[in-house]
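Below: the structure, in structure tokens.
The values are calculated or read from the model by the stated rules, or taken from the named source; none is laboratory data. Note that the coordinates shown come from a computational prediction; the quantities given were computed from them, not determined experimentally. Here Cβ is always computed from backbone atoms with ideal geometry, including for glycine, and neighbour counts include all displayed protein chains. Remember, those area values only see protein heavy atoms, side chains included, never the ligands or the DNA or RNA. Shrake-Rupley method; radii C 1.70, N 1.55, O 1.52, S 1.80 Å.
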Amino acid sequence: SILLLTTTILALQAQSQTPTTTTPPSNPPAPTPVPAVVPVTQVTAPPTIVLDSFDSVSQWTTTPGDGVEISVHPDSNGAHGKAMRIDFDFHGHGGYAVVHRPLTLSLPPNYEFSFAIKGDAPTNTLEFKLIDSTGGNVWWSNNPNFQFPKAWKTITRKKRQISFAWGPTNDKDLK
């Protein structure tokens, strides 16, 4: 949880002093405001939902482009325990290699996706895509010139970093 301290501070200005009079002024000045401190409010972060702990990689499928090889394998050396190893080979030419897993979830108004990654691969384009239940609408975070880190690195994609890519929907808001 995050503790948030909210304070309100009002600027105090020095007021010119007037000589003391024996009769009260007809229009007395307003009292000077005193700075106020609001009590600490505890803000709770939304719960983290683990979408895959990689106890098994059997729900993941691969889709290679023409002339590309790709496969997935369980790996016990993940950043937080188990992981999925992706082996791919473009055989010296362009193409694509997709790793996909179906999930059913409703997204809150504000969300982010995080995953840890490391690899021994040449610089490439890393695309994180989300597809709706119709299969026709795609949202993505496109990362050209992605350099695979040699040590585990957490990648986070916040809602504002995921945009509508293509599809027939008129509602471009990912839910």
Would you work out if the stretch 121-175 is rounded, prolate or oblate? Take a ≥ b ≥ c from the square roots of the eigenvalues of the alpha-carbon gyration tensor; rounded if a/c is under 1.5, else prolate when a/b is larger than b/c, oblate otherwise. prolate
Taking square-rooted eigenvalues a ≥ b ≥ c of the alpha carbon gyration tensor, is the stretch 61-157 rounded, prolate or oblate, where a/c under 1.5 means rounded and, failing that, a/b exceeding b/c means prolate? oblate
Residue-normalised value, i.e. accessible area per residue, for the stretch 114-163 at 1.4 Å probe, in Å², stands at 64
Work out, step by step, the length gained on full extension between SER71 and HIS91: first 0.36 nm times the residue separation, then minus their alpha carbon distance; give nm to one decimal. 5.8 nm
Shape call for the stretch 60-112, from the Cα gyration tensor axes a ≥ b ≥ c (a/c under 1.5 means rounded, otherwise prolate when a/b beats b/c, else oblate), comes out oblate
For ASP120 and LYS153 in the same chain, what is the full-extension length gain: residue separation times 0.36 nm, less their Cα-Cα distance, in nm? 10.6 nm
Once the other residues with Cβ under 11 Å from the Cβ of MET84 are scored (Lys, Arg +1; Asp, Glu -1), what is the net sum? -1
Given contacts defined as C-alpha pairs under 8 Å and at least six residues apart, what's the relative contact order of the stretch 85-175, whole-number percent? 31
Tally Lys and Arg at +1 and Asp and Glu at -1 over the other residues with C-beta under 14 Å from the C-beta of ILE162: what net charge comes out? +3
